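Report on one structure; see the data block that follows.
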Amino acid sequence: MSSEVRVLGRTVSAAGLIAAGSVVAAAALTVALPFMLNAFWLSTLVFILIYAIAALGLNVLTGYTGQVSLGHAFFLAVGAYTAKVLGGDHQLMALIWIPAAGVVAGLCGLIVGPVALRLRGLYLAIVTIGIVFIGQHIFLNVDSLSGGPQGTAIPSVQIGAGAQCQPSCSVDFSQGTSLGGATIDHNALYYYLSLFILVLGMLFVRNLVRTRTGRALQAVREREVAASLMGINLVRTKLAAFVISSFLAGVGGALFGSYLSFVRPQSWDLILSISFVAMIIVGGIGTVWGPLLGAIFVAGTPTVLNHYADSVPFLQHGSSSGGLSINEFSSIFYGALIILFLVLEPRGVVGLAGRAIALAQRLARGPAIPPSTPLPSQQSA
Amino acid sequence: MGTAHRTRLAAISAAGLLAALAACGSSSTSGGGATSGAIKTGPGVDASTKTITTAIITPLSGQVAIIGKPLTAGQEAYFQAVNAKGGVDGWKINYVEKDDQYNPQTHVQLYNEVVGSSAFIAQSLGSPTTKAIEPLADQAHVLTAAVAQSSSFTTDPVMIVIGTPYSIDVANSLSYIVDKLGKRDAKIGIIYQNDEYGQDGLRGYTAAHDASHFNDVARATYNVTDTDFTAQVVQMKNAGAQYVIVNAVPKPAATIVGTGAAIGYFPQWVFLGPAWSEYLMTDNGTLTGKPTQVNQVLAKTVWVMGYQPDWGDTTAAGMTPFLADQQKYSPAQAPDYYFMYGYTMAQVEVAILKKAIESGDLTRDGLLNARKNLGHFSFGGLLPDLTYTPSLGPADRQTLIKKVDVTVPAFLKTIQPLFESNAAKTLK
Amino acid sequence: MTLLEVSGLTVTYGGAVLACEGVSLSVDEGGSVCLLGANGAGKTSVLRAITGLLRYHNGAVVHGSITFDGRSIIGADTSKLVASGIAQALEGRRIFRDLTVSDNLRAGAFSARDRSREKRVRDEVLQLFPPLAARLGQAAGYLSGGEQQMLAIARAMMAQPRLLILDEPSLGLAPLVVEQIGASLREIVAGGCSLMMVEQSTALALATTSYAYLLENGCVTHHDRTAHLLADERVRASYLGTSAGQAEVAAVTGEKAR
Amino acid sequence: MTTFYQLLFSGFALGCVYALVALGFTVIYRSSQVINFAQGSLLALGAYMVSWFAIDKSLPFGLAVLAAIGVCVLVGVVFQRLVLRWVAGQPVFVIVMITIGLSIVIDASVSAKFGANPRLLGDPWSSSAVHPGGVTLIWAKIWTIVTVFGVLLGFFLFDRYSRYGLAMRATAADEEAAMAVGVPTRRVFALAWGVAGAVATVGGFFLATFPNQLDPSISAVALLAFPAIILGGLDSPAGAVVGGVTIGLVEELTKGYQPAHASWLGTNFYVIAPYVVMILVLMVKPYGLFGRAPVERI
């Protein structure tokens, strides 16, 4: 490997080499993570990846198309219950129920979409809150679908199904598996699966925004009336955004339910919806990387805070009363962090990363520029 | 698509490469047993220091901390008492506590965090939370003490459940009214929370109705965030219900009783255990506190179903050492039945550890075997005696009835000692 | 005596876009000045710099000075500036459509120099714009375009300004209405209030002001007395022809300039 | 019929509280087109502050209420001046997210200070009631209705006739134009947050009076005010009142009659009845009963 680098070094520019190198390193690190992290961090990461899949969907609707939805949790629920019906009740394989969860949720988006089409801005946002509550009501009352108030188990992912080839070629994600002598436990399996789906989703969204449909979405975001004057079919464009958003939410919901193994109607609440909005805003609205970065922030920060707050001396630990509990402390810290972060960088983590990259490039270019030349970006800063 | 395909290929090959590396790096947490002297040890058991580590995953902040905190304090008190007396046959118990805020997702993360270094889970509070880790615990054979009355846990060999399920409590209470008090024609109703807890109580209500055909006049539900209960109470009043089962949590329960008082409706309210809180009586939950607005009406009209003796009732043999331990290890604790529950839960766990040590096996399977073969166990009256057998079932089927009394610690006084009804027998 | 002095003003938006560069101009006490230029020449940015609205548009003065009555007013709060005597009517009228005409006028007096005179000032203002007097109780949104422009100016006058700043007051109005407004403005100037006006179409501007600055791509390219400018064929060709038909404009200005 | 009047009364009292909460939302929305997701948390903070001043600090109840209003107004104003002024002009949902951050901070602080156990409020009304024609009118609820109407009347007089009320309306209509004519808009925004804090406090402690208890879950009432503000129209204070009262009545009457007469709608249908009404209204009037369609600039 190292000799190759030197060979390439003669032909490829230093910057290109660094970029290629860091991509390879990042990919290798991503693949190796399950073997480097303990179960706690790995399961945190799995939740982050699953959230990122669903947030990616919301970003298409809210970030690119400008339609703010607080109803995302409902579509996750639809995905999870599709998994339960197809994978649990009908014993179909995951290869079917994961995409089916997306399709069914997408269809629900198609039904809900027209209701939402008439509305704009925060009116839409609040009506979608209604969808969360109405959804919960349905799930609480339709026991056969959701187990009613008691909740229901969501099947684990099984790949390589069929009684014919068990157990050598089938993998039950709740059991873990071994590959080439290494044990890949259930956390790692869900990690790879979620990562795979997330990468597919991100590639899809990246390509989508470059297509005609994608440009139409963004035109709707900028100016609805202008977009319609430009000949963009508002109804079709908004519905497309709703369907794509719901599809990804459904897939995310199926994975979420499956990884959590048990869900109840109360799981799909407004707080869950809000956390997806938080993810895309904190991550960087209308960007491909925003949902993932936002999911890391929103799902990761409280976990990290809680984890390390164990060593903060003035906090109250365990069951004793009085004083600030670890969770209260980390909640206050987390809330304040959101405020501070968005005040300082309203474009989110992506904006911050952009600044960091610009700074890095400036530093990298530093020696090449004569000291007397003022840096072009200094004036704008 | 092309890129994704390459990424995936890279992922698979790299996984293979890194596997060997990782195997050296991370310590194995799977359950392979080491043997120390005569005792086989598993995860969370350190033979060199003779410590057994266990984990408590419970809400220590947020709404359900009302239950999680005293319950955990009770467990701590007993573990500390055991350690102070030299431990379990010389083994010290080391516990870690994790705050899940009653969030299933956090619960799973925390379980993953602690399970590798824990011999067993000393407390997993809540149905939805425990359900989320149940498959993991099943698969890894992790003994888990569930503080949840969902009937499915009682049939799971890795779960420890103590106390009487809510459904059986409700069935027993109805039998008390209909059979023991002989009020065959009494009009009876139920107000239940629309969630898994309410459903459990409703199940008992329905079973009792099927068994004794009491005069069921009204059923009403509410949502846990509701602030007004006039409609539900008026429904009970119009139906003429003389006994109303209140399958609620403390705030709604008090609001229901208060609303009744305001509109001049005073039936016999029968609370499930979780509907009760000492804080409904006074502002600090103790006898010395300032009485609340509903203090008097609660005292006149409320029964509470349960299975624990009155706080300070030393006719129960276990009460004296319990109170001594509470004074010593948790002196600030106000009288609280969740504290007592936590204490008794720790008693079972220590008994299981003892049994496992006796059989020379502190591995995960060893603990499961010890739980299965524990047999009869007495809490010295702090909880009905219970018998763990390889054939699993509800831990307990007995209920006692208390009335609210403003003069006793914890404000509850038993009016009907433990009993078991026929209806309860039919419930699974 | 100079009331407003702008010198070497450079304005940028978002730290990058240059709106005007090195603009200098002044308005005398009791004087009337217009700022002429094509769309995007930077006229409105100069006004925003003077009236403190630049920050609202994420812009900033990066160079130069602005003094009013001898004191620097760069970065001052708009409401403070109104209180010290600079009032303005924004481009596009921007009346409060849901509020009544009367409430619009009251709002204009919010930071007036002497609030105890509010009633008297209102009567004076209504005399300047008689059509408004009959419609005090109506929602402003129901007024005609010309009446709305009158209301916008009247609202600004409620602050009892020493300097009135108008941005494109003739925009979208019929020549007859423009003429009425011009008359009111001349009356305002005659009453001792200084006037600074930005216009793309020059008919009204040249008819009501005595000195003009020509702005091109953010720089002042020419300035002179309006009378002289009107006589300058070159200026007429390049500036008076920008908006309406040149002949028509010439006709209007000719009539006004007599 | 007694039942009907009883439900009408409790629904109306509940609706009054919703109206106050909705008013808090509307005042802020009108000034800055932002929905303040911390409104429920401010309400809980207000109620706990009343309890703290009345019980822990032994202030007379009226003073405790005033002091609590002071605290909530201060929190609202300080938040606006210290935080929100820096994000003026940012996308609405960034600002909404910041208010969610505030609600997380307030909720956790309240929980840290007061815990989750029910608390005494220290109000003077206890469980006393009057019973005209067999209908029970609890004094605390009568006071709720009277006070809420007093507060609403005060607000509308302020909004219609006072100088700052006019400034608020002008800023709501056109922020830049308001600045241009000399309205100190930043002070107006702070004022809007102050008003929101004050009405939240009043709504909060009335929500916690007998027979209800004070515990942290009262912040959830803000969710029920959402259908109210949409029903009335986000930017209309009058709409907030009409919407709030309507939602209170819809909820209570559904609760009373749906289980017996329309059980097929499912258990606890009243929880979503306000949202169903809201969606039906929006299908006909997309900006609520009194709301204004925003002018779309191309």
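Structure summary
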item: Residue selected from the range B:171-204 under the condition hydrophobic (A, V, I, L, M, F, W, C) and either surrounded by fewer than 23 Cβ atoms within 10 Å (Cβ to Cβ) or in a loop (DSSP other than H, G, I, E, B) (or both), by the criterion farthest from the chain's Cα centre (by Cα); result: B:186
item: Residue match in the range A:173-181 (condition: modelled with pLDDT under 85 and crowded, with 21+ Cβ neighbours inside 10 Å); result: yes
item: Filter pass, residue B:255 being surrounded by fewer than 21 Cβ atoms within 10 Å (Cβ to Cβ), under 29 Å from the mean Cα position of the chain (by Cα) and within 14 Å of chain D (Cβ to nearest Cβ); result: no
item: Enumeration of residues in the range C:22-40 that are at pLDDT below 90 and either assigned to a strand (DSSP E or B) or buried (at least 24 other Cβ atoms within 10 Å of the Cβ) (or both); result: C:36, C:37
item: Test: residue in the range B:228-250 that is within 9 Å of chain D (Cβ to nearest Cβ) and either part of a loop (DSSP other than H, G, I, E, B) or in contact with a Cys (Cβ under 9 Å, 6 or more places away or on another chain) (or both); result: yes
item: Answer residue from the range A:290-322, given it is modelled with pLDDT under 70 and within 8 Å of chain B (Cβ to nearest Cβ) and is surrounded by the most Cβ atoms within 10 Å (Cβ to Cβ) among those; result: A:319
item: Scan of the range A:260-278 for residues that are away from chain B (no Cβ under 13 Å), farther than 20 Å from residue A:45 by Cβ and crowded, with 23+ Cβ neighbours inside 10 Å, ordered by number; result: A:273, A:277
item: Residues being farther than 21 Å from residue D:218 by Cα and facing chain D (nearest Cβ under 9 Å) - total across the range B:266-288; result: 0
item: The range C:133-152, subset buried (at least 24 other Cβ atoms within 10 Å of the Cβ) and closer than 24 Å to residue C:192 by Cβ, residue farthest from the other protein chains (Cβ to nearest Cβ); result: C:150
item: Answer residue from the range D:234-274, given it is facing chain A (nearest Cβ under 9 Å) and not in a helix (DSSP H, G or I) and is modelled with the highest pLDDT among those; result: D:272
item: From A:286, A:231, A:257, residue being part of a helix (DSSP H, G or I) and either of a type outside the set (Val, Ile, Thr) or surrounded by fewer than 22 Cβ atoms within 10 Å (Cβ to Cβ) (or both); result: A:257
item: Scope the range B:365-389; condition out of contact with any strand residue (DSSP E or B) (no Cβ under 6 Å at 6 or more places or on another chain), of a type in the set (Ser, Thr, Tyr) and surrounded by fewer than 16 Cβ atoms within 10 Å (Cβ to Cβ); matching residues; result: B:378, B:389
item: Qualifying residue in the range D:123-131 (condition: in a helix (DSSP H, G or I) and either more than 21 Å from the chain's Cα centre (by Cα) or closer than 22 Å to residue D:23 by Cα (or both)); result: no
item: Subset tally (residues that are among the polar types (S, T, N, Q), surrounded by 20 or more Cβ atoms within 10 Å (Cβ to Cβ) and modelled with pLDDT of 90 or more) for the range B:283-312; result: 2
item: Residues (part of a helix (DSSP H, G or I), at pLDDT 90 or above and not polar (S, T, N, Q)) located in the range B:252-266; result: B:252, B:253, B:254, B:256, B:257, B:258, B:260, B:261
item: Sole exception among (1) closer than 28 Å to residue D:91 by Cβ; (2) at pLDDT 90 or above for residue A:68, by number; result: (2)
item: Those residues of the range A:201-213 which are surrounded by 18 or more Cβ atoms within 10 Å (Cβ to Cβ), within 11 Å of chain B (Cβ to nearest Cβ) and among the aliphatic types (A, V, I, L, M), in sequence order; result: A:202
item: Strands (runs of 3 or more DSSP E) fully within the range B:79-170 counting 3 or more residues that are within 13 Å of another protein chain (Cβ to nearest Cβ) and surrounded by fewer than 24 Cβ atoms within 10 Å (Cβ to Cβ); result: B:92-99
item: Single residue of the range D:148-175 satisfying the filter (surrounded by fewer than 16 Cβ atoms within 10 Å (Cβ to Cβ) and under 19 Å from residue D:14 (Cα atoms)) that is farthest from the other protein chains (Cβ to nearest Cβ); result: D:150
item: Matching entry among B:367, B:362 (being touching a Lys or Arg at 6+ places or on another chain (Cβ under 7 Å) and closer than 18 Å to residue B:87 by Cα); result: B:362
item: Candidates D:11, D:40, filtered to the one that is in contact with a Ser or Thr (Cβ under 9 Å, 6 or more places away or on another chain) and under 10 Å from residue D:204 (Cβ atoms); result: D:40
item: Helices (runs of 4 or more DSSP H) wholly inside the range C:146-240 that include at least 1 residues being modelled with pLDDT of 85 or more, touching a Gly at 6+ places or on another chain (Cβ under 9 Å) and under 14 Å from residue C:31 (Cβ atoms); result: C:175-190, C:203-208
item: Residue check for residue D:44: of a type outside the set (Lys, Arg) and either away from chain A (no Cβ under 12 Å) or within 17 Å of the chain's Cα centre (by Cα) (or both); result: yes
item: Members of the range C:52-69 that are at pLDDT below 90 and either surrounded by fewer than 14 Cβ atoms within 10 Å (Cβ to Cβ) or among the acidic types (Asp, Glu) (or both); result: C:58
item: Cross-chain or 6+ apart pairs with Cβ under 7 Å, the range A:65-91 first and within 14 Å of chain D (Cβ to nearest Cβ) and in contact (Cβ under 8 Å) with a residue 12 or more places away in the chain, then surrounded by 24 or more Cβ atoms within 10 Å (Cβ to Cβ) and outside any helix (DSSP H, G or I); result: A:73/A:268; A:74/A:268
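The values are calculated or read from the model by the stated rules, or taken from the named source; none is laboratory data. What you are looking at is a predicted structure, and each value in this text was computed from that prediction instead of being measured. Here the Cβ is made from the backbone with ideal geometry for all residues, glycine too, and neighbour counts use every protein chain on show.
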